[in-house]
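Step one of this worksheet: look at the structure below.
The values are calculated or read from the model by the stated rules, or taken from the named source; none is laboratory data. Quick caveat, the model's predicted, so the values are computed rather than measured. So basically every Cβ, Gly included, is an ideal-geometry build from the backbone, and we count neighbours across all protein chains shown.
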Amino acid sequence: MHLRVLGHVLILSLLGTALVGCTATALRPTLQVPILMYHYISVNPLAPGDVLRTRLSVPPAQFAQQLAYLHRAGYTTITLDDLVAALHLRTVLPPKPVILTFDDGYADFFTNAYPLLQRYKDKATIYIITRKVGTPGYLSWPKLRILAASPLITIGAHTRTHPELPMLSARQSWAQMAGSKSDLETHLGIVVHHFAYPSGHYNATSLEQAAQIGFVTAVTTQEGMEERLDRLLTLPRVRVNGGAPLADLIAGLAGRSELAVRAGAAHRIPPRQRRTEPPPQLHPYLSRANRNDK
């Protein structure tokens, strides 16, 4: 009798251990939040010759149309800090959250994007290449100070010179990532928690360094909207294609179907301009579709 009871206890103990493991995996916090990826908010002055610049350029009128749509459709812009808090179950997001991000720190953000963000009271994150600050076509430190003081704008780091991180030594990679964070904090008097990998490319070294440097989030160019607590340093985004109709943005917000991808083929880089091979040591999370992103 005692042996039978002990047998039942052992079985229940083993089942309990297995269930605990399954629960830890099943309860991994995940949220569906589109993180929109912009670059230039201007008309490409080199069109039609520079196809890549056109693909990255959203004209101000188109950007205004997109912001108007987001409000009509019931979306609410949130910050990356909001996303992190929600994934940690510390807060609840609005019904249709969306995050706006802008890469590189171009001057047209201040002249063309920021006034529209102010009009709609929309929040945004801008990722800065710090050694480009003050050079032609990029934001200056005085303008960045104005943006940093705004409750609508979050400043993130984007390295010092926008190199391919997987091609650098560990020391070089650290200098680029930690250096850009330090530059921004020194010049702007803020604490920088967020990072964008140049071209969306990273490897195991840069991923580890992002955590050690103190970045809370890091965004890639991998297409997707599933934001997970265990992948805060490899967040996917939704590309906003320059010159594409509003339907393309709507498709992106809905997960961008194969039909939408085919419809946007005219906005892709011609094959002769693409890298045929990715940089060495690309992290396995990086998909083939992201090898040609800026």
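The table below gives the values:
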read-out: Residue in segment 133-148 that is touching a Ser or Thr at 6+ places or on another chain (Cβ under 8 Å), at pLDDT 95 or above and closer than 18 Å to Y197 by Cβ present; value: no
read-out: Hey, P151 under 23 Å from I250 (Cα atoms) and out of contact with any strand residue (DSSP E or B) (no Cβ under 9 Å at 6 or more places or on another chain) or not; value: no
read-out: Qualifying position, being without any contact (Cβ under 8 Å) to a residue 60 or more places away in the chain, of a type outside the set (G, A, S), touching a Lys or Arg at 6+ places or on another chain (Cβ under 9 Å) and more than 19 Å from A251 (Cβ to Cβ), among I128, I78; value: I78
read-out: Sole residue being hydrophobic (A, V, I, L, M, F, W, C), without any contact (Cβ under 8 Å) to a residue 60 or more places away in the chain and within 25 Å of L147 (Cβ to Cβ), chosen from A107, A47; value: A107
read-out: Test: residue in segment 108-122 that is closer than 14 Å to H71 by Cβ, at pLDDT 95 or above and under 14 Å from the mean Cα position of the chain (by Cα); value: no
read-out: Residues of segment 43-57 satisfying the condition of being under 21 Å from the mean Cα position of the chain (by Cα) and either of a type in the set (D, E, K, R) or over 17 Å from Y127 (Cα atoms) (or both); value: L52, R53, T54, R55
